[in-house]
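Colleague: Below is the structure I would like to discuss, written out as structure tokens.
The values are calculated or read from the model by the stated rules, or taken from the named source; none is laboratory data. Since we're looking at a predicted model, the values are computed, not measured. Every residue, glycine as well, gets a Cβ built from its backbone with ideal geometry; the counts of neighbours run over all protein chains shown. Areas reflect the complete protein model, heavy atoms only, side chains present, ligands, DNA and RNA absent. Shrake-Rupley method; radii C 1.70, N 1.55, O 1.52, S 1.80 Å.
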Amino acid sequence: MSSLIEMLLPCPLYVFHYLNKWLRKQDKIESVPLAKIRLYLNFYYYFEPEGKTVNQMRELTELYRRFYRAKSQYAKANAVLKPIDEAADVILKFDKALANNTESLTDIVAGRLSKLMNNVRRRAAEGKPTLAFVDGKWKPALNSEEERQAIYDFAKYFVEVIFNGSLKGDRARLAGTQLNLIRDTCDYLYRLEDDKERRERKQEEPDEVPEAETELA
């Protein structure tokens with residue numbers, strides 16, 4: 001127990017790592033119950049009452065939920081976290097000769113995410129665009145201009161705040177434990193918000209969008 005506390009003190013996000021370990025040991029469930037997520041969030045705030053780190057993860061999650069969603073509430077983490085994985089992959093592999101400043105790296109990340117969303121609409125990649133219920137139909141919540149801006153906002157936050165800010169621009173840190181902590185935390189924050197939306201909506205959201213509704217205006 002003391003070793004666990006020593007680990008959590010410098011990085012409280014480890015609580016979500018242990019929540020993910022708990023889930024992997026379960027045979028009959030694929031996602032963590034909401035009550036257990038809240039319990040671990042409370043545990044996190046015990047070690048970091050101001051919640052600075054988790055608030056960054058919450059903002060990161062909210063930014064990509066504006067344009068991307070997993071198809072099912074039972075989706076695995078790889079589907080839930082697709083924009084984060086794509087952004088991290090770009091940062092880990094980019095040539096510094098091509099992206100030698102924050103702005104150029106942000107552009108490259110945004111370009112990769114734009115390609116992801118094109119593939120999502122063509123059903124060549126996991127996930128779906130964020131939907132809104134309008135005039136009795138489920139449609140993409142954003143038009144093309146709004147989606148480009150939402151993608152750029154997420155890319156900018158990931159590069160400036162997460163990579164350059166929290167990780168000090170260190171790709172080795174992003175490649176290791178820190179990326180796993182980001183993924184574990186955003187996975188549960190995503191599901192927490194997804195559960196909230198599901199309770200509040202009056203019309204069941206489809207896992208697939210009709211072909212005619214996948215094109216952006």
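Colleague: Among the residues of the range 140-166, how many are over 29 Å from residue 209 (Cα atoms) and hydroxyl-bearing (Ser, Thr, Tyr)? So that I can check it myself, show each step before the final result.
Modeller: Initially, the range 140-166 is screened for residues over 29 Å from residue 209 (Cα atoms), giving 159-166.
If we keep only those that are hydroxyl-bearing (Ser, Thr, Tyr) too, we end up with 166.
Qualifying residue count for the region: 1.
Rundown of residues vs (1) in contact with a Phe, Trp or Tyr (Cβ under 8 Å, 6 or more places away or on another chain); (2) β-branched (Val, Ile, Thr), yes/no style:
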{"residue": "78", "(1), (2)": "no, no"}
{"residue": "91", "(1), (2)": "yes, yes"}
{"residue": "110", "(1), (2)": "yes, no"}
{"residue": "113", "(1), (2)": "yes, no"}
{"residue": "134", "(1), (2)": "no, yes"}
{"residue": "140", "(1), (2)": "no, no"}
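Colleague: Residue check: is residue 58 at pLDDT below 90 and open to solvent by 10 Å² or more (accessible area, probe 1.4 Å)? Explain how you work it out, then say what you get.
Modeller: Working: at pLDDT below 90: no; open to solvent by 10 Å² or more (accessible area, probe 1.4 Å): yes.
Answer is no for this residue.
Colleague: Still on this structure, I have one more. Residue pairs, Cβ under 7 Å, 6 or more apart or interchain, first in the range 114-126 and free of Cβ contacts under 8 Å to residues at least 40 places away in the same chain, second open to solvent by 30 Å² or more (accessible area, probe 1.4 Å) and of a type outside the set (Phe, Trp, Tyr). List them.
Modeller: Pairs found: 114/148.
Colleague: A further question on this structure: Pick from 196, 168: which is over 14 Å from the mean Cα position of the chain (by Cα), surrounded by fewer than 19 Cβ atoms within 10 Å (Cβ to Cβ) and not in a helix (DSSP H, G or I)?
Modeller: Details: 196 fails: not in a helix (DSSP H, G or I).
Within the list 196, 168, the selection yields 168.
Colleague: Only one residue in 154, 163 is touching a Gly at 6+ places or on another chain (Cβ under 9 Å) and surrounded by 14 or more Cβ atoms within 10 Å (Cβ to Cβ). Which one? It would help to see each step written out before you state the result.
Modeller: Details: 154 fails: touching a Gly at 6+ places or on another chain (Cβ under 9 Å).
From the options 154, 163, the qualifying one is 163.
Colleague: Let me ask you something else. Can we say residue 114 is under 26 Å from residue 141 (Cα atoms), polar (S, T, N, Q) and modelled with pLDDT of 90 or more? Explain how you work it out, then say what you get.
Modeller: Working: under 26 Å from residue 141 (Cα atoms): yes; polar (S, T, N, Q): yes; modelled with pLDDT of 90 or more: yes.
Against the criterion (under 26 Å from residue 141 (Cα atoms), polar (S, T, N, Q) and modelled with pLDDT of 90 or more), residue 114 qualifies.
Colleague: Within the range 107-138, can you find the residues that are assigned to a strand (DSSP E or B), of a type outside the set (A, V, I, L, M) and surrounded by fewer than 18 Cβ atoms within 10 Å (Cβ to Cβ)?
Modeller: Passing the criteria: 133, 137.
Colleague: What's the total number of residues in the range 65-106 that are among the small types (Gly, Ala, Ser), under 21 Å from residue 126 (Cα atoms) and in a helix (DSSP H, G or I)? Walk me through how you get there before you give the answer.
Modeller: As a first pass, look at the range 65-106 and keep what is among the small types (Gly, Ala, Ser): 70, 72, 75, 77, 79, 87-88, 97, 99, 104.
Filter again for under 21 Å from residue 126 (Cα atoms), leaving 70, 72, 75, 77, 79, 87-88.
Those still in the list that are in a helix (DSSP H, G or I) too: 77, 79, 87-88.
Here the count works out to 4.
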